[in-house]
1. Within region 203-222, restricting attention to residues that are assigned to a loop (DSSP other than H, G, I, E, B) and within 18 Å of Gly252 (Cα to Cα), which residue is least open to solvent (accessible area, probe 1.4 Å)?
2. Looking only at region 245-267, filter to residues that are in a helix (DSSP H, G or I) and of a type in the set (Ser, Thr, Tyr); which one of those is modelled with the lowest pLDDT?
3. Can you find a residue that is open to solvent by less than 20 Å² (accessible area, probe 1.4 Å) and within 16 Å of ligand 2 (Cβ to nearest atom) anywhere in region 164-180?
4. Looking at region 6-22, which of its residues are out of contact with any strand residue (DSSP E or B) (no Cβ under 7 Å at 6 or more places or on another chain), closer than 18 Å to Thr137 by Cα and either modelled with pLDDT of 95 or more or not charged (D, E, K, R) (or both)?
5. Going by what's in this entry, would Ala146 be described as open to solvent by 30 Å² or more (accessible area, probe 1.4 Å), aliphatic (A, V, I, L, M), in contact (Cβ under 8 Å) with a residue 60 or more places away in the chain and within 11 Å of ligand 1 (Cβ to nearest atom)?
6. Can you work out which of the residues in region 158-202 that are aliphatic (A, V, I, L, M) and part of a strand (DSSP E or B) is farthest from Gly258 (Cα to Cα)?
7. Does region 132-140 include one or more residues that are of a type in the set (A, V, I, L, M, F, W, C) and part of a helix (DSSP H, G or I)?
8. Out of curiosity, is Ala127 under 22 Å from Ile238 (Cβ atoms), touching a Lys or Arg at 6+ places or on another chain (Cβ under 8 Å) and either open to solvent by less than 30 Å² (accessible area, probe 1.4 Å) or not in a strand (DSSP E or B) (or both)?
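The values are calculated or read from the model by the stated rules, or taken from the named source; none is laboratory data. No experiment lies behind these values; they were computed from the predicted model shown. Using ideal geometry, Cβ is built from the backbone for each residue, glycine included, and neighbour counts are taken over all protein chains shown. Each accessible area value is taken on the protein alone, full model and side chains, heavy atoms only, with ligands, DNA and RNA left out. Shrake-Rupley method; radii C 1.70, N 1.55, O 1.52, S 1.80 Å.
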Amino acid sequence: MKGFWDFSDRKVLVMGGTSGINLGIAQGFAEAGATLGVVSRSQEKVDAAVSTLSLHTKAIGFSADVRDYEAVADCSREFCERFGPIDVLISGAAGNFPAPATGMSPNGFKAVMDIDLLGTFHVLRSAHAFLAKPGSTVINISAPQAFQPMELQAHVCAAKAGVDMLTRVLAMEWGCEGVRVNSIVPGPIADTEGMARLAPTSDMQKAVTASVPLGRQGTKEDIASAAMFLASPAAAYITGVILPVDGGWSLGGVASLGDALKSAISS
Ligand code: NAP
Ligand code: COA
């Protein structure tokens, strides 16, 4: 994909962009010349991500928790003051752990709701004032749990379903300002924290791979490519879309993960 896109005049802010899929997205845009901002809680991860991205482009980072509205608002404000209005906003911070509802304290459920759903609202609501209008695009990073009920995932299912509904509602509210809002639903992405938590054994990893119609787990580059497509002029008429980028996993294979996870956790 290197060389395919040119984002050299674009400013991209990635919330939760210091590891895994979201850092992969930041890297894709950085290699395409965009100016990057990344945000997450750990200052150490922020510094490491900025060093990596700076090999390709201008990059800055901020340490903030998406559960803190003022803190994330400050990130967007500072990024905008430094570089100008945000052209591409990615909201991908998330938390997950497998547990049955009865093994989850109210605070455990709330932690995931607060990071994934309330955090997404915080990110989008507070960045709105700093988005380029018209012409900017917002991409929420969702998950198959948004539409596939999965045991041990009550918190994530509830939160990501809410994220996709936010995508649709804000696409309607912000369309008149020329701001597009879409969700990407990654399938199983290899070498990520999310997959390590949901398929903790090598047998589970193999079963997941076998359940993907395209016969492989996805890569971070697969998701970065989709994000760059959605942010590009080629997607100028696409808004309010929930886009699976999953090798066809959502056609059926994803449904088997809940059962496998339940057996792995109980054995
Ligand atoms: P990851 O590496 O753990 O990425 C999560 C990122 O969010 C990290 O940069 C983390 O950094 C940040 N973060 C977490 N809590 C935060 C908070 N409260 N405030 C600010 N930043 C926070 O996980 P991943 O597996 O790549 O997942 C990335 C996204 O893809 C998530 O939205 C996930 O739901 C989605 N997804 C993943 C998969 C998969 O196969 N992995 C599949 C479907 C969907 P800090 O720890 O420094 O805060
Ligand atoms: N099973 C059951 N409950 C759990 C749990 C588990 N495996 N892990 C955490 N919890 C509960 C805690 O016990 C706590 O509840 P309590 O106060 O009633 O005891 C609650 O969740 C919050 O835990 P805490 O560690 O204080 O939260 P945090 O805000 O520091 O971290 C998490 C949030 C729990 C989501 C943490 O896993 C995280 O930071 N994840 C980010 C990385 C990630 O998940 N990546 C994959 C993305 S798909």
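1. So the first thing to find is which residues in region 203-222 are assigned to a loop (DSSP other than H, G, I, E, B), and the list is 211-217, 219.
Going one step further and asking which of them are within 18 Å of Gly252 (Cα to Cα), we end up with 211-217.
Details: Ser211: 27, Val212: 6, Pro213: 86, Leu214: 130, Gly215: 48, Arg216: 115, Gln217: 27 Å².
Step by step, filter region 203-222, then rank; the result is Val212.
2. Filtering region 245-267 down to residues in a helix (DSSP H, G or I) leaves 249-251, 253-266.
Add one more test, that the residue is of a type in the set (Ser, Thr, Tyr), and what stays is 250, 256, 263, 266.
On the way: Ser250: 96, Ser256: 88, Ser263: 80, Ser266: 76.
It comes out as Ser266.
3. Yes, that holds for at least one residue.
4. First, pick out the residues of region 6-22 that are out of contact with any strand residue (DSSP E or B) (no Cβ under 7 Å at 6 or more places or on another chain): 6-9, 19-20.
Going one step further and asking which of them are closer than 18 Å to Thr137 by Cα, we end up with 6-9.
Residues satisfying the conditions are Asp6, Phe7, Ser8.
5. Working: open to solvent by 30 Å² or more (accessible area, probe 1.4 Å): no; aliphatic (A, V, I, L, M): yes; in contact (Cβ under 8 Å) with a residue 60 or more places away in the chain: yes; within 11 Å of ligand 1 (Cβ to nearest atom): yes.
Criteria not met by Ala146.
6. At the first step, the residues of region 158-202 found to be aliphatic (A, V, I, L, M) are 158-159, 161, 163, 165-166, 169-172, 179, 181, 184-185, 189-190, 195-196, 198-199.
Filter again for part of a strand (DSSP E or B), leaving 181, 184-185, 189.
On the way: Val181: 29, Ile184: 21, Val185: 17, Ile189: 16 Å.
Of everything passing the filter in region 158-202, Val181 is farthest from Gly258 (Cα to Cα).
7. Just the residues of region 132-140 that are of a type in the set (A, V, I, L, M, F, W, C), to begin with: 132, 138-139.
From what is left, the residues that are part of a helix (DSSP H, G or I) are none.
No: zero hits.
8. On the way: under 22 Å from Ile238 (Cβ atoms): yes; touching a Lys or Arg at 6+ places or on another chain (Cβ under 8 Å): no; either open to solvent by less than 30 Å² (accessible area, probe 1.4 Å) or not in a strand (DSSP E or B) (or both): yes.
The answer is no for Ala127.
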